[in-house]
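What follows is a structure written as structure tokens; I'll ask about it next.
The values are calculated or read from the model by the stated rules, or taken from the named source; none is laboratory data. Everything quoted here is computed from the prediction, not taken from an experiment. Counting neighbours? That spans all protein chains shown, and the Cβs are built from the backbone with ideal geometry, glycine included. Heads up: the accessible areas ignore ligands, DNA and RNA and are worked out on the full protein's heavy atoms, side chains in. Shrake-Rupley method; radii C 1.70, N 1.55, O 1.52, S 1.80 Å.
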Amino acid sequence: MPRDCLPPSASSRAVSATIPAAPLLAAIVESSADAILTKDLGNVITSWNPGAEKLYGYRAAEAIGRPISLIIPREHLDEARRIWKRVNRGQIVRNWDTLRRRKDGTCVDVSVTVSPLRDSRRRIVGASIIAHDITARKGLERELRRASERLELAHEIACTGTFEWNVRTGEADRSRSLDEIYGLLDGGTIRRHHDWVRVLHPEDRKRVLAEVRRVLKRGDRLDLEFRILHPDGQVCWIHSRCRLFRDARRRPLRLIGVETDITRQKQAAEELRRSEQRFRLIVEHAPLAVIMLNERQRIVLANPPAQKLLGYRRGELLGRGLSLLIPPRLRSVHARHEARYRADPRSRRMGVGRELCALRKDGSEVPVEIGLTPIQTTEGRFVMATLLDVRQRKLVQDILRRTNEVLEHRVLKRTAELRRVNAALRREARDRRRLQHELLEISEREQRRIGRDIHDGLGQQLTGVAMLADLLQEELKQKSLPEAAAARRLEELVREAQVYSHKLVCGLYPVTADPHGLMNSLQQLAETVTSLHRVDCRFNCSPAVRLHDNVKATHLFRIAQEAVNNAIRHGRCRQINLLLSVQNGFLRLEIRNDGRRWFAQPQRRTDGMGLQTMKFRSEAMGGTLDIRPVNPHGTSIACLVPVGEK
């Protein structure tokens, strides 16, 4: 150990005179609470005292002979090498705060002093290391740092800062957050009292300094608001709360305080004041009657429309209770409603469903509607009541009520007349449908009668003429007369007349009384059209449709017949499809062609007898007739009839 490690006192010289140096140093090392160890130039531990055993957890036998890296964390090895280099150059490293590793693997905060060890020739042969456990100190430092950070954060959030002014020297110590409040963002600060005086607003400087002098003279606390000027000229409001500390002779020593930036509060208060002023102006010039009540139900504001409505002057209303405007018969009820409203103040209409009246100065009552709105201001809670004079509206409502009664009477009378007219129209419609049905039935019966007459009369006569012509031909042929050819031609003409009369009879009596009669007739119609008019006419019915109502079957056939004739005559089509099916309890007959859309042509009459007859027939069956174009060209006529309808 170096010679200068021992204090040069008389007592130490006396001890060294009685105790040899080596045992004395050994006793000091053994009894030291700090960890003391030595290492050689190869960084191998050569000595290890009890303090080191206690600090690091290794016994001397476990540590001596091991490398010094045994107790150095890996991340601090570079730091240790730099220290060894300095020690090897003969330097002493004092109070180096670092980390060391214990036997259990945990790290401990230590303050290390490393000194070079020299032999008798003053050559460096190793180093002595004294480590002091500073865990408690580091914990306190960390706690102090966290407390300081929390304090700074609290200052930042609350826009506050602290200061301490030494009254005797004039020096000031201020927190960083207070410098930020004062706008000193470039590292500047206020170190002297006169520097602080310069940033005070000129209009507030005299007042603030007078308050400071008063406190220094006979007070101990200071609480005031003032303005300061930032370096950029911006004005900031400060609320300062200070306490003065004095010495034993009551002379001022230090002024310690907290200052808060209240600029936003001041701006909000000013804006609130202006808002309240604007509100009062709006209320004063509002077209509705408005009165304002305080928490004691006293009138504090009444605009001119309210004065006119109630018959009072402004001075007669201000400060008076609300009961002044309530009729005596309603005051007890109003007291209960007032208590409920105080428990739950919110914007709403007053007396919904009831008639409210306000008492005028002359004792008369005026019907009103009242709206209540609670308003919170810096002076407390107020209630704004709007009064709407409903006398004119009541008059209009009475007129409307009487008018409604008259109109209701007229409507009832007119409704009865309309019921009678509708009943007559329904009867007329029924009679018309009945007549249409009878006309169609008469037409069908007449056609069937004509068909029977042709079949029974003309048909039989043509058959007889054909037989006579055949006999005449045979006789003339046997006699080899030239008139035989004329007789044969006569027979052919008579046969053709028979075929034509048969087709005529089929057209007059189209559908047989058979469930399949409609299908057979439509099939025959398609074949006849194909053969006579050279138009591709096809009938499609899958599955088979059985219709027992011969009258309905006849109507459907006539509709198909008329639609086919219109398609050939007006549409000049080349193909016609007859489609018969049953869908959801309805019988559907559709006639579709690829000709021109004759019903959409303006030069064609779409209200001719043929189209009207088809509509009459569909209505007589309780059905509908739909005519529409088919893309890209052509026309579709569809008749939809209930199957069970008679």
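Here are Leu458, Leu425, Leu476: which of them is of a type outside the set (D, E, K, R), modelled with pLDDT of 75 or more and open to solvent by 70 Å² or more (accessible area, probe 1.4 Å)?
Selected residue: Leu425, the only one of Leu458, Leu425, Leu476 that is of a type outside the set (D, E, K, R), modelled with pLDDT of 75 or more and open to solvent by 70 Å² or more (accessible area, probe 1.4 Å).
Here is a list: Leu547, Leu518, Leu522. Which entry is within 20 Å of Arg617 (Cα to Cα), touching a strand residue (DSSP E or B) at 6+ places or on another chain (Cβ under 6 Å) and modelled with pLDDT of 85 or more?
Checking each option against the conditions leaves just Leu522.
Against the condition modelled with pLDDT under 90, of a type in the set (A, V, I, L, M, F, W, C) and either more than 30 Å from Thr260 (Cα to Cα) or out of contact with any Phe, Trp or Tyr (no Cβ under 9 Å at 6 or more places or on another chain) (or both), how does Leu144 come out, does it pass?
yes
In segment 176-212, how many are open to solvent by 50 Å² or more (accessible area, probe 1.4 Å) and over 18 Å from Arg227 (Cα atoms)?
Result for segment 176-212: 6.
Yes/no per residue for (1) surrounded by fewer than 16 Cβ atoms within 10 Å (Cβ to Cβ); (2) modelled with pLDDT of 75 or more:
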| residue | (1), (2) |
| --- | --- |
| Leu472 | no, yes |
| Lys503 | yes, no |
| Ser531 | yes, yes |
| Thr554 | no, yes |
| Gln561 | no, yes |
| Asn565 | yes, yes |
| Gly571 | no, yes |
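Limited to segment 274-287, what total is found for residues that are open to solvent by 80 Å² or more (accessible area, probe 1.4 Å), in contact (Cβ under 8 Å) with a residue 12 or more places away in the chain and closer than 26 Å to Arg342 by Cα? Reasoning before the result, please.
Step one: filter segment 274-287 for residues open to solvent by 80 Å² or more (accessible area, probe 1.4 Å), giving 274, 277-278, 280-282, 285, 287.
Okay, now just the ones that are also in contact (Cβ under 8 Å) with a residue 12 or more places away in the chain, so 280, 285, 287.
So of that shortlist, the ones also closer than 26 Å to Arg342 by Cα come out as 280.
The number of residues fulfilling the criteria is 1.
Would you confirm, using the coordinates I've provided, whether Arg596 is open to solvent by 70 Å² or more (accessible area, probe 1.4 Å), in contact with a helix residue (DSSP H, G or I) (Cβ under 9 Å, 6 or more places away or on another chain), modelled with pLDDT of 80 or more and part of a loop (DSSP other than H, G, I, E, B)?
Taking the combined requirement at face value, the residue satisfies it.
Further question: In segment 59-112, which residues are of a type in the set (Ser, Thr, Tyr) and open to solvent by 30 Å² or more (accessible area, probe 1.4 Å)?
Ser69, Thr106
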